[in-house]
Amino acid sequence: MEGLKNFVDKVGYPRLIIGAFLFILCVMAAVLAIPVPGLIGDILTRVGMNGILVLALVPAIQAGVGLNFALPIGIVCGLIGALVSIEFKLGGFTGFFTALVVAIPIAAIVGYFYGQMLNRIKGQEMTVGTYVGFSVVSGMCIFWLLAPFRSPELIWAVGGSGLRVTISLESTIDKVLNGFLSFNVAGVQIPTGLLAFFALCCIAVWVFGKTKSGAIMNAAGANEKFATATGINVNQQRILGIVLSTVLAAIGIIVYSQSFGFLQLYNAPLMAAFPAVAAILIGGASIKKVAISHVIIGTFLFQALLVVSLPVINILADGSMSEVIRAIVQNGIILYALTRETGGDLA
Amino acid sequence: MDNHLQIEEIKVKKQTNVERIMGFIVPIVFIVLCAVGYYLSELPFIFVLNEVIIRLGRNSFLVISLIIPVIAGMGLNFGIVLGAMAGQMALIFITNYSLEGAGGLLIAILVSTPVAIVFGYLVGRVLNKAKGKEMITSMILGFFSNGLYQLIFLLFAGTIIPFKKEGLLLSTGMGLRNSVDLAGVRYAMDDIIKIRPYPGLTVPVFTLVVIVLLCLTLTFFLKTKLGQEMRTVGQNMHIAQVAGINVDRTRIIAIIISTVLAAWGQIIFLQNIGTLNTYGSHEQVGLFAVASLLIGGASVTKATYRQALMGTFMFHMLFIISPMAGQNLMNDSQIGEFFRVFVAYGVIGLALLLHAWQRRGKK
Amino acid sequence: MNGIEVANWQPQYLRHPPSKEGNTLGTDYLLQIKNVSKEYSGNRVLKNVNINIKAGEIHGLVGENGAGKSTLMNILFGMEVIHSTGGFEGDIIIDGNVANPKTPKESMELGIGMVHQEFMLIPGFSIAENIKLNREITKDNLFSRILGPKMKTLNFKKMGEDSRQALDKLGMSIDEWLPVAGLPIGYMQFVEIAREIDKENLKILVFDEPTAVLAEAEADKFLKVVRKLADLGIAILFISHRLDEIIEITDNITVLRDGEVVSSLITKDADVHKIAELMVGRKIENTNTAKDMKQEDEEKDYILELKNLYVDMPGEMVKGLNLKVRRGEILGIGGLGGQGKIGVANGIMGLYPTRGEILRDGTPLPLNQPKKVLDSGVAFVTEDRRGVGLLLDDSIEHNIAISALQIKEKFIKNIASFKIMNNKEVKEHALNMIKELDIRCTGPKQLTRRLSGGNQQKVCIARALTLDPDIILVSEPTRGIDVGAKKIVLDLLVKLNRELGMTVIITSSELAELRSVSDRIAIIFEGKLEGVLSPNDSDVNYGLMMAGEYVKEEVS
C-alpha cells in the first residue's frame, strides 16, 4: 500500500488518470482494428504542432507569474507575422522565417507591456490574464476587419471586407517544417522538420534555464522575498518571463498554422490557452513548478488522447463526443490545479 | 461620564478611488457610447425602446442573480452557467412531457430549483477550495460542467435517459437535437400581463413586475441576519470567522441562491426566446450577464440591483444599435458586432484589472 | 487528552452557585488561573501558572516575548491551537466554578472578552454594525417564520441604541452610524472596547498591548477609560510592555518568565526597576565575563554608521535610530518583540522602505537597493528562514550558490558568449560548505525543504559566506533550532569573527544568547536606540533598557 501511495504521489494523479485513460483507449483501438501507423503519425504531428504553444507556458511559470492564460496575446502577434509574410508572397522557408522575424519583435514589445501590467496586479495574474487575453482577441477582430492587407490570398474575393476567417497556406508556408526531411517508417509518416524544430525550442528553453539569467529568473519565480533579499529585481525577471512566453506563443502559432495548413483569424485564438494549460498540467507541472519534461510528456499524453479517442468514439458513439471528452479532460485538469491548496507540489 | 472625547473632524473616505471610477466613469462612458451609437444607427426611437424593454425583461433576472456572490466577497460568479443548465434541464423536462403554458412554466421552475440547489452546493464547495481565485475557478468550472452537460445530452439522452416526445432526439435515437422548440411555453410568462401602449411597443408587464419584486426581495434580504453575515464575510473572512460566523457555509449559501436565481432567470430568458439551443444557449450566459453588471457601474466587490438594471439596459442598447451604427459609420455591420463582443470582454477585463490593482495598492 | 479528561471531571468538581459576595470557600476571586501548564510537542511553555483576579481589579501581566503570555491567553479563550495540541493541565475557574473553555464561543459565553492587538473591525461597516457584529438584534418577519431565524430582519434602531449606550459608557460622543473606515486609530480601539462591554455578561476583559498603537494623548484617555471599566466591576487583565503604564494603572502584577510565574506582587510595592529585573532574570550562568566593554572612543574605526534611520517594516518599525558599528566586533541587537530590532538589519539591506543615512566605511550606502548593499560586501542571514532565506524546493547547492552567482558572478563559465552556470564548481563549493559547517544532509542535491531547522540555518549562513562579506548581519540565528545546532551556529559566528575578522551583527530575542557571544549589545526600544550595554552588565540595566525606562531614569 505504502509503495503504491508513493508511486501515485510521485507520478501525480493527472498523469496517472490520463495515462490510464489513454491506455484503455489504445486497447479499444486495437480491438476495433484501427490502423496504428496512421494514429502514430497523427500523434507525432500534433505533438510537434502544439508543443511550442505548451512550451510557451514554461518561462511564465518559472518567473512566478503562474499559468499564462494570456497566450492569445502572443498568438495574435504570430498571426500578424504570418500575414505579413503572405502579403509579400513569400513561401517555403523564406516565408516561414520572415513570419518569425516579423512576429518575434512584435511579441517581445507586446509582452513587455503586458508584463508591466501584470507587475501591478500580482496575485491575480491568471484571472486578469484570461480576460485581457479575451479582450485582445476580440479587439483584434476589429483590426482584422480593417487591416490594410491587399493580397488576394488574404482578403475576401467578393463580398465582405477585411481579412478572411481562415486563410489557406497552400501556396505559401503549408507544411514547410512537416515536410522537411520527412520519411516513412513502417507506414508511419515522421514529420522530421517539425519535431526537430520543437526539440530545438525545448533545448533552447532548457539551456536558458542553465544560464545565469535563467537561474536568476527561476529564483525570482520560486520565492519573491528571497530574490529581493538576494538583490534580484523581481519585476524585471517577471517581465522577462512574460516576454519569453509571448514570443514562444507567437512562434508556436506559426508552427501550428504551417502544419495545419490554414491561418485562423478572428475568434479562433480565443480559447487557445486552455488546451496548452491542460497539457502542461497533465505533464506534471503546477502553478509554481515546471520542467521541460512536463511539456513533452503532457503534450504527448493530451494529444495522443485526442488522436486516439476520435476514431474509437466515432465507431462507438457520436463523432462530436471526442470534442466533449476534450472539454471535460481539459477543464477538469485545470480545475484540479486551481483548487489544490498549495497549487504546487504536483511532483 | 466627565471626560467626553472631543469629536474631531472625521473625514470619511466613503468610497475608494476604483469604486468611484467603476461607479461613475464606466456608466457615463457607456451612456455616451449609447447616445452616439443611437445617433449613428438612425434607428427609430420606438423600435429601439421596444427592443430594449424586451431584452430588459429577458435578461435582468440573470444579471441580478450575480449580485449576492459579489456581496459575499466571491467576485463575479461565472458559475451561473450551471444555474442556466439547471433551468434548461427543467425546460427539456417539461417539453418532454408536453407541459405547456404558464402551468408548464411553473413546473419548470419547480423542477429547476432542487437541481440548481445541488449544483450551487457543488459550485460553492469547489469555490471554497479556491479562495482568492473564485472568478477564474468559476469560469473553468462553467466550461467543465458544460462538457458534462453535453456528455449527458449527447450520449445518455435516449440511451440511458428515456425520452418519450417525438422529435426531441436525433434521428439516431441517441442524443438530443441541437434545438428544442419551446412553443408550448413561449411567452408563457410575458403574456400573463402584456400591454401595447403605443403601436410597435410591447411591454411584458408581468415579467417586469417579477423583476421589481426580485429587486425588493434582494433589498429585504440584505437587511436580514443572513444578509448581514454575507456582507461581513464579503468584507473580511478572517474577522467574520473570529466573530463566530461559519464562513464556508455562508459562501455556499450565497452561491446556491445565485445558482437558483440563474436557473429561474434562464427559464424566463428562454420562454421569451422560444427556442432552446441545447448545446449553446447557456454558454455565453455568464459572459453577458457579468458584462452587463459591470457596465452598470458595479465592481468586483460592490454591486446593486440599480447597477444591474442600468447595465442590462445599456449593454443591450449597445447590442441593438451597434450593427447599424457600424453599417452607417464604416459601411460594415460586422464591425458593430465585433465591437460589442469586444465591449463585453473588455469591460470585464478592465474591471478585473482595476480590482486587482486596487487590492495590491491596499497591501 | 488532558483537556478532555479535565472537562469530564467538571461535574464532580465544586459546583457551587456563583458566589455573589465571595462567600464560597473564602474565594472572592472572579477569575482564577490554577496550576495551568501547557506543552507543545514536549516543549513546556507554561509551568504551574497561578493568577487570581477579583472583580473590579486591574491585573497587569508582564513578561518578555516567549514568556508564555500569548499561550495563556489562548487557553483563556479556548483557542483551537490549544485543543488541537493536546489541551492543557490545570483549571480556569470563574466565579468559583471550573470553566475551562474549549472553544472561543464558550469562553465568550463565560463572559471573557478581549480587545485584540489587531483590530477586528470591518472598515466598510458603521460603528454600530461593528459593535453588534454577529450579535445583531433582529426581529421576526413573515419570511423568518417560514425560513428560520437567519431570515430575521435586523433591528437597526435597537442596534443603534445599544451601541450608543456602550459608547456613552466609554465617554464617546461620536455618531454610532459613522463608518469605521477613516476613524483615527484611537477611536477604533474604543469601538473594540465598546463591542466587548456591549456584551451583557462581560466579566473579564483582556487587553493585549493596547497602547502600542496609540499616541500619548490617546493613551492617557484610554487608561482613564480602563479604570472606569474596572469601577463597573469588570476584572481586567492588562498585558503591556510599558512598565510605567503598568505601575500607573494596575492593582496587582504578575511577572512571567519562561512559562513560570516568577513573582506576583501588589503594584504599590513594586517599581519599574524591580519588575524589569524580574522580567529579564538570568537564564545562562556562564556568560562570557572575559569580555570587557571597550570604552567609547571617538577615534574609533567604524565600519558601519546608521544615522537617523527609519525603516517601515510592519510590526518592527525603526524610528530614528543612531548606531555605530566598530570594525571587527560582534554587535548584538536586542529588545522586546515589536520594538524594531528586527527592522534594523532589514533596513540596512533595503528590504523595507528606509529613510535616513547609512555610512559604510564613511561613505553613504544607497538606501532601498539590496543589490548595492550586497555589492558593498554586506551579507544577510534573515530571521524568516523559510519565507525569505531559502528556495525550499531547490537543492542545497543551488541555495548556496545563487547569491554569489547574482552578485559576484561566481560559478559561471562562458560558452559562446552565453553565461552558463558551472555545475561542477557549484557542487564542489557546496560539498566544501557541507563539510565545513557540518550540514547534515543526503548530499548537495537534497532539497532544503527536507532539512531540519538547524541545517537550513547553516545553508543560509553558507550562502552568506559564499559572498565573501566583511560584514555579516544575522537575525534570530537560533530561532526554532535544537540546542545542539544552536551552539554550532553561535560558535561558527564567533569563529568567523575571530579568524576571518568579519564584523558580525547579531539580532536576537534571546538575551542570554546575545550576552554569551557579543562584544557589545545595543537595545532597541520603540524603534530607537535605548542604549548600549556590555555583556556582563546587570540584569536591572537590561530590564530597564528593554522596557524603555533606562533613559527616563537617567534624565530624572
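The values are calculated or read from the model by the stated rules, or taken from the named source; none is laboratory data. Just so you know, these numbers come straight off a predicted model, no measurement behind them. Note that we place each Cβ from the backbone using ideal geometry, even for glycine, and neighbour counts take in every protein chain shown.
Here are some notes:
- Taking the criterion of being among the aliphatic types (A, V, I, L, M) and at pLDDT 85 or above, the residues of the stretch C:512-543 that qualify are C:Leu514, C:Val517, C:Ile521, C:Ala522, C:Ile523, C:Ile524, C:Leu529, C:Val532, C:Leu533.
- The single condition among (1) more than 26 Å from the chain's Cα centre (by Cα); (2) part of a helix (DSSP H, G or I); (3) touching a residue at least 12 places away in the same chain (Cβ under 8 Å) that A:Gly38 does not meet is (1).
- Residue satisfying condition, being away from every other protein chain (no Cβ under 12 Å), surrounded by fewer than 22 Cβ atoms within 10 Å (Cβ to Cβ) and at pLDDT 90 or above, within set A:Ile315, A:Ile280, A:Ile292, A:Ile254: A:Ile292
- Subset of the stretch C:158-178 that is within 8 Å of another protein chain (Cβ to nearest Cβ) and hydrophobic (A, V, I, L, M, F, W, C) - its residue that is surrounded by the most Cβ atoms within 10 Å (Cβ to Cβ): C:Met172
- Residue match in the stretch A:155-169 (condition: touching a residue at least 60 places away in the same chain (Cβ under 8 Å) and assigned to a helix (DSSP H, G or I)): no
- Being within 12 Å of chain A (Cβ to nearest Cβ), in a helix (DSSP H, G or I) and in contact with a Leu (Cβ under 9 Å, 6 or more places away or on another chain) is true of B:Phe338.
- If you go through the stretch C:74-97 and pick out every residue that is touching a residue at least 24 places away in the same chain (Cβ under 8 Å), among the polar types (S, T, N, Q) and closer than 19 Å to C:Val115 by Cβ, you end up with 0.
- The one condition from (1) modelled with pLDDT of 85 or more; (2) surrounded by fewer than 20 Cβ atoms within 10 Å (Cβ to Cβ); (3) outside any strand (DSSP E or B); (4) at negative phi that C:Gly233 does not meet is (4).
- Flag if C:Lys410 is of a type outside the set (Ser, Thr, Tyr), out of contact with any Ser or Thr (no Cβ under 8 Å at 6 or more places or on another chain) and either outside the structural domain of C:Val474 (by TED's automatic domain parsing) or over 20 Å from A:Glu224 (Cβ atoms) (or both): no
- The stretch C:127-157, subset among the small types (Gly, Ala, Ser) and on the phi < 0 side of the Ramachandran plot, residue nearest to the other protein chains (Cβ to nearest Cβ): C:Ser144
For every residue, the table says whether it meets (1) hydroxyl-bearing (Ser, Thr, Tyr); (2) closer than 27 Å to B:Ile136 by Cβ; (3) modelled with pLDDT of 85 or more.
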site: B:Lys302; (1), (2), (3): no, yes, yes
site: B:Gln307; (1), (2), (3): no, yes, yes
site: B:Phe315; (1), (2), (3): no, yes, yes
site: B:Leu329; (1), (2), (3): no, no, no
site: B:Gln334; (1), (2), (3): no, no, no
site: B:Glu337; (1), (2), (3): no, yes, no
site: B:Ala344; (1), (2), (3): no, yes, no
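- Any hit, the stretch B:181-199, residues being within 10 Å of another protein chain (Cβ to nearest Cβ) and aliphatic (A, V, I, L, M): no
- C:Glu118 meets the conditions (1) assigned to a loop (DSSP other than H, G, I, E, B); (2) more than 10 Å from chain B (Cβ to nearest Cβ); (3) not hydrophobic (A, V, I, L, M, F, W, C) in every case but one. The failed one is (2).
- Scope the stretch B:95-143; condition buried (at least 23 other Cβ atoms within 10 Å of the Cβ) and within 9 Å of chain A (Cβ to nearest Cβ); matching residues: B:Leu127, B:Glu134, B:Met135, B:Ile136, B:Thr137, B:Met139, B:Ile140, B:Leu141, B:Gly142
- Residue in the stretch C:427-445 that is within 13 Å of chain A (Cβ to nearest Cβ), part of a loop (DSSP other than H, G, I, E, B), surrounded by fewer than 22 Cβ atoms within 10 Å (Cβ to Cβ) and without any contact (Cβ under 8 Å) to a residue 60 or more places away in the chain present: no
- Filter pass, B:Leu226 being of a type in the set (A, V, I, L, M, F, W, C), surrounded by 18 or more Cβ atoms within 10 Å (Cβ to Cβ), part of a helix (DSSP H, G or I) and without any contact (Cβ under 8 Å) to a residue 40 or more places away in the chain: yes
- All positions within the stretch C:27-80 that are more than 17 Å from C:Leu205 (Cβ to Cβ), surrounded by 19 or more Cβ atoms within 10 Å (Cβ to Cβ) and over 18 Å from the mean Cα position of the chain (by Cα): C:Val36, C:Lys38, C:Val49
- The lone exception for B:Leu270 - which of (1) of a type in the set (A, V, I, L, M); (2) in a helix (DSSP H, G or I); (3) out of contact with any strand residue (DSSP E or B) (no Cβ under 7 Å at 6 or more places or on another chain); (4) crowded, with 21+ Cβ neighbours inside 10 Å it fails: (3)
- Number of the condition not met by B:Met74 [criteria: (1) at pLDDT 90 or above; (2) in a helix (DSSP H, G or I)]: (2)
- Scanning the stretch C:100-109 for residues that are away from chain B (no Cβ under 14 Å) and crowded, with 21+ Cβ neighbours inside 10 Å returns a single hit, C:Asn100.
- Subset of the stretch B:248-262 [more than 11 Å from chain C (Cβ to nearest Cβ) and either over 16 Å from B:Lys129 (Cβ atoms) or among the β-branched types (Val, Ile, Thr) (or both)]: B:Ile252, B:Ile255, B:Ile256, B:Ile257, B:Ser258, B:Thr259, B:Val260, B:Leu261, B:Ala262
- Put simply, of C:Glu161, C:Glu176 the only residue that is part of a helix (DSSP H, G or I) and of a type in the set (Asp, Glu) is C:Glu161.
- Across the stretch C:493-539, the number of residues qualifying as part of a helix (DSSP H, G or I) and surrounded by fewer than 18 Cβ atoms within 10 Å (Cβ to Cβ) comes to 7.
- Checked against the criteria, C:Asp301 counts as surrounded by fewer than 18 Cβ atoms within 10 Å (Cβ to Cβ), at pLDDT below 85 and not hydrophobic (A, V, I, L, M, F, W, C).
- When the stretch A:116-132 is filtered for residues that are under 19 Å from the mean Cα position of the chain (by Cα) and touching a residue at least 60 places away in the same chain (Cβ under 8 Å), the ones remaining, listed by number, are A:Glu125, A:Met126, A:Gly129, A:Thr130, A:Val132.
- Unmet requirement for C:Gln189, which otherwise passes all of (1) free of Cβ contacts under 8 Å to residues at least 24 places away in the same chain; (2) assigned to a helix (DSSP H, G or I): (1)
- Of residues in the stretch C:352-364 being at pLDDT below 90 and part of a loop (DSSP other than H, G, I, E, B), the one nearest to the other protein chains (Cβ to nearest Cβ): C:Asp361
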